[in-house]
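Encoded as structure tokens, the structure appears first; notes follow it.
The values are calculated or read from the model by the stated rules, or taken from the named source; none is laboratory data. Since the structure is predicted, the reported quantities are computational estimates derived from the model, not experimental observations. Cβ: placed from backbone, ideal geometry, glycine included. Neighbour counts: every protein chain shown. Note: areas computed on protein heavy atoms with side chains; ligands, DNA, RNA excluded. Shrake-Rupley method; radii C 1.70, N 1.55, O 1.52, S 1.80 Å.
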Amino acid sequence: MTAGLEKACHRCISKIASNACLIFGLLNFLALPLSMAFVGMKFLDDCPVQPLIPLYLLVGGVVGSLKIVLLLFDSARMRQLLSKSVMIDDDDDDEYPWRQNAHRYYIHLTLSLFLFLWFILGNYWVFSAYLPNFIPPFHHPQDYCDKTLYLFAVGVLLVSHTVLVLLIFCSCCIYCCSKQRYAAEED
């Protein structure tokens, strides 16, 4: 049972990682963390009401970019390993490419956990200063946040929430379909 499941997971991961659409999608998705880092760096001192908002964008952008670059590298490596196994007609069930680099799994896991926690903190920082003054008031000059910076941070969080909901929904759909298929195979 577990060997069959492991083989199915291997085939699924191999097909996804070797898909050119995934690589194209990751390259397009790289624009978001790079723009986060740029906006965070450009407006680093322009939000005194909540100075952690530009830091959230800067750090999240740099770590997110690193995560996507590592995913692209691993995807290219998976394509290379798969092309070598096809060329030499190697269909050995005991050779799974991800077993060769288990430490990469822990790197991805650590980066993903950090990004998730950083996302939660970013939600707190951005929405705790909901609708700040966009122009520095005369009597409290430190009580404002740059409009471009703040609206960009809200936009990033809205995109992140949307992607998170879509991932959860797709995962539930895949789980239900695989459960139905497994139940149909047992009968």
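Restricting attention to region 135-187, which residues are in a loop (DSSP other than H, G, I, E, B) and acidic (Asp, Glu)?
Asp143, Asp146, Asp187
Starting from region 153-166, keep only residues that are in contact (Cβ under 8 Å) with a residue 60 or more places away in the chain and among the acidic types (Asp, Glu), then list their pairs with residues that are part of a helix (DSSP H, G or I) and open to solvent by 80 Å² or more (accessible area, probe 1.4 Å) whose Cβ atoms are within a distance under 6 Å, requiring at least 6 positions of separation or different chains.
Going by the 6 Å Cβ cut-off, there are no qualifying pairs.
Each row is one residue, and each column tells you yes or no for (1) closer than 27 Å to Leu71 by Cβ; (2) exposed (fewer than 10 other Cβ atoms within 10 Å of the Cβ).
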site	(1), (2)
Leu109	yes, no
Pro137	no, no
Cys145	no, no
Gly155	yes, no
His161	yes, no
Leu164	yes, no
Cys170	yes, no
Tyr182	no, no
Glu186	no, yes
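Sort through Gln80, Gln100 and tell me the only one that's open to solvent by 80 Å² or more (accessible area, probe 1.4 Å), in a helix (DSSP H, G or I) and either at pLDDT below 65 or among the aliphatic types (A, V, I, L, M) (or both).
The unique qualifying residue is Gln100.
Let me confirm something: among Ala20, Ala31, Ala8, which residue is over 30 Å from Asp143 (Cβ atoms), modelled with pLDDT under 90, surrounded by fewer than 14 Cβ atoms within 10 Å (Cβ to Cβ) and under 19 Å from the mean Cα position of the chain (by Cα)? Walk me through it before giving the result.
Details: Ala31 fails: modelled with pLDDT under 90; Ala8 fails: under 19 Å from the mean Cα position of the chain (by Cα).
Residue meeting the stated conditions: Ala20.
Looking at Leu72, Leu121, Leu131, which is the one that is at pLDDT below 90 and closer than 30 Å to Pro48 by Cα? It would help to see each step written out before you state the result.
On the way: Leu72 fails: closer than 30 Å to Pro48 by Cα; Leu121 fails: at pLDDT below 90.
Answer to the check: Leu131.
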